[in-house]
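Down below is the structure, laid out as structure tokens.
The values are calculated or read from the model by the stated rules, or taken from the named source; none is laboratory data. The model shown is predicted, which means the values in this text are computed figures rather than measured ones. As a convention, Cβ positions derive from the backbone with ideal geometry for all residues, glycine included, and neighbour counts pool all protein chains shown. Accessible surface is based on the protein model in full, side chains and every heavy atom, while ligands, DNA and RNA are left aside. Shrake-Rupley method; radii C 1.70, N 1.55, O 1.52, S 1.80 Å.
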Amino acid sequence: MKSAKPKICVVGSLMTDLVFRVERLPQPGESMPGKEFGLFLGGKGFNQALACHRLGAEVTMVGRVGRDYFAGLFLQKLAEEGMRADFIFQDDEVGTGVACPIIDDSGQNAIIGIGRANMRIDLSQVEAAREEIESADVLMLQFEIPYPVSRRAAQIAKASGAIVLLDPAPIHNAGVLISEEVDFIVPNEIEARALAQSQPVELWAEAEVKAGRSGVVISLGAEGALVFDQQGRRQFPAFPVQPVDSTGAGDAFRAGLAVSLAEGKGIDQSVRFANACGALACTVLGAEPSMPRRDRVERFLREQEAA
Ligand code: ADP
């Protein structure tokens, strides 16, 4: 750790989710009544930043929102949580990112997402946050903002000895090779398969490590997580919980991994901690509400050890 508290910088997205629950997905041209509506704050960047904060890290979020109602909700939430917002830029021309998931009774969904202000984060914002990135123990990146911005942040982080962790999601944005500055690639199973392309996932992950990557950690939902590094391949089972809603589990898992690595813990211990964060997130409805706090995770781990 570079200072007393683990320090994490997230350069990523803030998206408002407008969630519609419907009996069945609408047909083209059809107007139909829905059953329920919910407005949630999200975006992989925001969720992971919030989760790291609740897990006890000092967090700087670098992002971009509009000057609209949704931006106000984010700024209010960050203030409520005691998080800084001074590197979240408000765009005068383009509004806050939005997504509209439509979910039917069988759980099937259709999602429209528009990055809006997220797609306008630029290199000058990264430069403005240079000191924050340089003093971070871990930099967290995802694929919801322009690639050159993530790449620049990764270069600055790497040059100052930070660990760079990439969540390669959403995977359809993976149009470019994952840069050499990334230390840990942390995909889920689907993303890992997409990154591996035609080769088996294990061969791809092993090749990444052979080429100098610190590690590949694949989250496997209820199966836990798979680690590939210099020590070889290890699977860490998930903790048994009664899942209510797995939304946010992936973000909680990645935040747990980042915070533990920022504290200087080894990868095995960090993946165990991450599995606990992911499992707890499954027991609460929604994304933001399900990001667990540090004391809850530690109590959960003690209970699991005792059992
Ligand atoms: P993503 O949302 O990125 O696809 P996963 O579904 O792989 O993420 O879940 C992330 C992590 O959350 C898993 O690695 C695991 O630690 C935890 N998790 C997910 N589902 C369960 C479950 N049913 N029981 C226990 N832990 C779970």
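What's the longest piece of the chain with no exposed GluC sites (Glu not before Pro), counting a site as exposed if DSSP puts it in a loop and it has at most 16 other beta carbons within 10 Å? Please report the intermediate quantities before stating the final value.
On the way: sites that count: Glu23, Glu30, Glu93, Glu180.
Answer - 181-307.
Over the chain, what is the percentage of antiparallel beta bridges among all DSSP beta bridges, to the nearest 5? Kindly include the intermediate steps, with their values, before the conclusion.
Working: 22 of 48 bridges.
Counting only bridges with both partners in the chain, antiparallel ones make up about 45 percent.
Using only Cα atoms, locate the centre of the range 221-279 and the centre of the range 114-181, then give the distance between them in Å, rounded to an integer.
Here the two parts' Cα centres lie 22 Å apart.
Taking H as built 1.01 Å from N, whose amide H comes closer than 5 Å to the amide H of Arg64, not counting residues under 5 places away?
For Arg64, whose amide H was placed from the backbone, the distant partners under 5 Å are Leu14, Phe89.
Taking amide hydrogens as modeled 1.01 Å from N in the peptide plane, which residues meet the under 5 Å criterion relative to Val244, leaving out close sequence neighbours?
Thr283, Val284
Among DSSP beta bridges whose residues both lie in the range 130-271, state the antiparallel percentage, nearest 5.
On the way: 9 of 18 bridges.
Bridges in the range 130-271 are about 50 percent antiparallel.
Can you classify the chain as rounded, prolate or oblate using the Cα gyration tensor, where a ≥ b ≥ c are the square roots of its eigenvalues, rounded means a/c under 1.5, and otherwise it's prolate if a/b beats b/c and oblate if not? Please report the intermediate quantities before stating the final value.
On the way: a/c = 1.37, a/b = 1.16, b/c = 1.18.
In terms of gyration-tensor shape, rounded.
What part of the accessible area of the range 216-270, given as a whole %, is carbon or sulfur when the probe is 1.4 angstrom?
50 percent
Please say if the range 119-233 is rounded, prolate or oblate, where rounded means a/c under 1.5 for a ≥ b ≥ c the square roots of the C-alpha gyration tensor eigenvalues, and otherwise the choice is prolate for a/b larger than b/c and oblate otherwise?
Values: a/c = 2.13, a/b = 1.58, b/c = 1.35.
Prolate is the answer for the range 119-233, as a/c is 1.5 or above and a/b outweighs b/c.
In terms of solvent-accessible area of protein heavy atoms at a 1.4 angstrom probe, what is the ranking of Ser3, Ser198, highest value first?
Working: Ser3 55, Ser198 120 Å².
Heavy-atom accessible area, descending, gives Ser198, Ser3.
Within the range 19-128, what whole-number % of the accessible surface is contributed by carbon and sulfur, with the 1.4 Å probe and all protein chains included in the calculation?
54 percent
Within 13 Å, Cβ to Cβ, of Gly212, how many net charges do the neighbouring residues add up to if Lys/Arg are +1 and Asp/Glu are -1?
Working: positive: Lys158, Lys210, Arg213; negative: Glu180, Glu181, Asp183, Glu206, Glu208, Asp229.
After counting each charged neighbour, the total is -3.
Towards the positive end of the charge dipole of the chain, with charges on Cβ (+1 Lys, Arg; -1 Asp, Glu), say which of Val284, Ala194, Gly66 has the farthest Cα.
Val284
Order the following by accessible area, largest value first: Lys7, Lys44, Lys210, Lys2. Probe radius 1.4 Å; ligands, DNA and RNA are ignored.
Reading off the accessible areas and sorting them downward yields Lys210, Lys2, Lys44, Lys7.
Go ahead and run the numbers for FRET between Glu93 and Asp295, Cβ-Cβ distance against an R0 of 45 Å, rounding to 0.05. Display every interim value, and only then the final one.
Details: r = 42 Å, r/R0 = 0.94.
With R0 = 45 Å, the Cβ-Cβ based efficiency is 0.60.
For the chain, what does the relative contact order come out to in percent, with C-alpha contacts under 8 Å and a separation of six or more?
Details: 673 pairs, mean separation 53.8, N = 307.
Computed over the chain, the figure is 18 percent.
Quick one: work out the % antiparallel among DSSP beta bridges in the range 60-173, nearest 5. Mind showing how you got there, number by number?
On the way: 6 of 13 bridges.
Roughly 45 percent of the beta bridges in the range 60-173 run antiparallel, per DSSP.
If you count only protein heavy atoms with a 1.4 Å probe, what accessible area per residue comes out for the chain, rounded to a whole Å²? The partial results should precede the final answer.
On the way: 14070 Å² over 307 residues.
Accessible area per residue, the chain: 46 Å².
In nanometres, what is the gap between the two model label sites at Arg130 and Leu203, each 7 Å from Cα along Cα-to-Cβ?
4.4 nm
Taking the dipole about the Cα centre of the chain, with the C-beta of Lys and Arg at +1 and of Asp and Glu at -1, give me whichever of Gly56, Thr16, Met32 is farthest to the positive side.
The Cα lying farthest towards the positive end belongs to Gly56.
Below 8 Å between Cα atoms, with a sequence gap of 6+, how large is the relative contact order for the range 157-255 in percent?
Values: 127 pairs, mean separation 19.1, N = 99.
Dividing the mean separation by the residue count of the range 157-255 yields 19 percent.
Give the lysines whose C-alpha is closer than 26 Å to that of Lys5, dropping any in the same chain fewer than 8 places away, or say none.
Lys44, Lys77, Lys158, Lys265
Rounded, prolate or oblate: which fits the range 122-171 when a ≥ b ≥ c are the square roots of the eigenvalues of the alpha-carbon gyration tensor, with rounded for a/c under 1.5 and prolate only if a/b beats b/c? All intermediate terms of the calculation are to be shown ahead of the outcome.
Numbers: a/c = 2.37, a/b = 1.28, b/c = 1.85.
Taking the square roots of the gyration eigenvalues as a ≥ b ≥ c, the range 122-171 is oblate.
Using helices alone, I'd like the mean residue ellipticity at 222 nm for the chain: each DSSP H run of four-plus residues gives -39500 (n - 2.57), total over residue count, nearest 500. Each step should come with its number before you reach the end.
Working: 10 runs with 108 residues, N = 307.
Per the formula, -10500 deg cm²/dmol.
Given 0.36 nm per residue, what is the gain on full extension from Arg24 to Arg193 after removing their alpha carbon distance, in nm? Mind dumping the intermediate values first?
Working: separation 169, 0.36 × 169 = 60.84 nm, distance 2.98 nm.
Length gained between Arg24 and Arg193: 57.9 nm.
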